[in-house]
1. Once you list every other residue whose beta carbon is under 13 Å from the beta carbon of PHE356, what net charge do they have if Lys and Arg are +1 and Asp and Glu are -1?
2. Taking every pair of alpha-carbon atoms in the stretch 197-333, give the share separated by more than 18 Å as a whole percent.
3. Work from the charge dipole of the stretch 197-333 (Cβ charges, +1 for Lys and Arg, -1 for Asp and Glu, about the Cα centre) and give the residue of PRO205, PHE320, ALA274 farthest towards its positive end.
4. Report, by chain and number, residues whose modeled amide H sits under 5 Å from the one on TYR212, excluding near sequence neighbours (fewer than 5 apart, same chain).
5. Going by how many other beta carbons lie within 10 Å of each one, how would you line up THR339, THR164, THR16, fewest first?
6. Search the structure for amide H atoms under 5 Å from the amide H of GLY9, placed 1.01 Å from N in the peptide plane, and list their residues when 5 or more places away or on another chain.
7. Let me make sure I get this right: for the stretch 202-253, a, b and c are the square roots of the gyration tensor eigenvalues over alpha carbons, sorted descending. Under 1.5 in a/c it's rounded, otherwise prolate if a/b > b/c, else oblate. Which is it?
8. Per 0.36 nm of contour for each residue apart, how much would the distance between HIS184 and LEU326 grow if the chain were fully extended, relative to their Cα-Cα spacing?
Amino acid sequence: MKVLFIVQGEGRGHLTQAMSMEKLLRSNGHEVVEVLVGKSESRRLPGFFTRNIQAPIRQFTSPNFLPTHANKRANLTKSVLYNLMKLPEYAESICFIHHRIQETEADLVLNFYELLTGLTYFFFRPSVPQICIGHQYLFLHPQFKLPKKNKGSLFMLNFFTRLTALGASQKLALSFRAMLQDKHQHISVVPPLLRQDVLQQESKPGNYIHGYMLNAGFSENILQWHQKHPEVPLRFFWDHWEEEPVKKIDDTLSFYQLDDTEFLRQMAGCKAYASTAGFESVCEAMYLGKPILMVPAHIEQECNAFDAQQNGAGIIDRNFNLSNLLRFSQSYKPNRPFTQWVRSAEYIILNEIERFAPQNNLHGMYMVEEFV
């Protein structure tokens, strides 16, 4: 089966999921013909992704959230205005995606939460089946409990999620735990697809706090806490390409450019983990048995953090108050059922995908879902 990937390039999670998926498909006799990645002016495609993906990579301009002036949380108003100005470019990207679906002669499109994929299927109605994959599709599941946050923000998040899945034959909702399939909305709940590099890491106790910040503005919180607690070693990764690979503040605080091999190595040996609540890195920390402090930067991450907290992963805070994390780590107990759930991912996800192989799709399983 020939598969085309279309990936949202924001953050790290969707990129690492695509890397894991490519390896899974290739090891089971399928071909990933091309990887299309949405790009923006504020993000750079990390080297760990370009080095590890075997299929040709092509980029296209895609909508994204803009951070606030302090480079911490997403600025919704600014993001909407900015993206409205770029609508002509997004229209070109939609045409580009449609063209690549045709040119690659793909049997299946895997959409890693990229908005323009859904819009391509809405406007052009390609005959190639589309499967969407991401934690966000779990928010549409009737068994999922949403946090008690701004109802307008939650509505917009689920509205955006439905847009990404326009024309989808199936949605694979990555989850911390098993749930029943929602046949009405074509949602299958599946385990997180973590890379073999994660599964093969040996978790060891450490004396330092490991962390990842999607927006580099949170470094101010880290510096403030560090000044009060210089005795606690801190190693934080960030998406800050203007800086050198390792920015050493002093003997106990360093900031690193995002390198996935080094990121995982340091996570495996840390005492605890602090992040802006991206689903992928939270899953990695849970698998390695590390207590987590989650500081959501936008509504999607608030849902991630709420779900993770319900599953015993860690605690939620407004800022990087690492003292709370250290206190929590004293009573933390790893979620062992989660480890077994993750180890079943390859079998479950491959079974879902292969249902749409050409020999199983002779009568055209593609459908355009009714948009609500």
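Coordinate-derived values only; no laboratory data. For clarity, every value in this text was computed on a predicted model and none was experimentally measured. Glycine gets a Cβ as well: all are built from the backbone with ideal geometry, and neighbour counts include every protein chain shown.
1. Working: positive: LYS2, LYS171, ARG355; negative: ASP107, GLU352, GLU354.
Net charge in that neighbourhood comes out at 0.
2. Numbers: 4636 of 9316 pairs.
In whole percent, the share of Cα-Cα pairs in the stretch 197-333 beyond 18 Å is 50.
3. Comparing the listed Cα positions along the dipole, PRO205 ranks first.
4. Sorted by chain and number, the residues that satisfy this are PHE237, ALA274, SER275, THR276.
5. Details: THR339 14, THR164 24, THR16 27.
Arranged by neighbour count, lowest to highest, THR339, THR164, THR16 become THR339, THR164, THR16.
6. Long-range HN contacts for GLY9: GLY38.
7. Working: a/c = 1.71, a/b = 1.22, b/c = 1.40.
Oblate, since a/c reaches 1.5 and b/c is not below a/b.
8. On the way: separation 142, 0.36 × 142 = 51.12 nm, distance 4.35 nm.
Full-extension gain reported as 46.8 nm.
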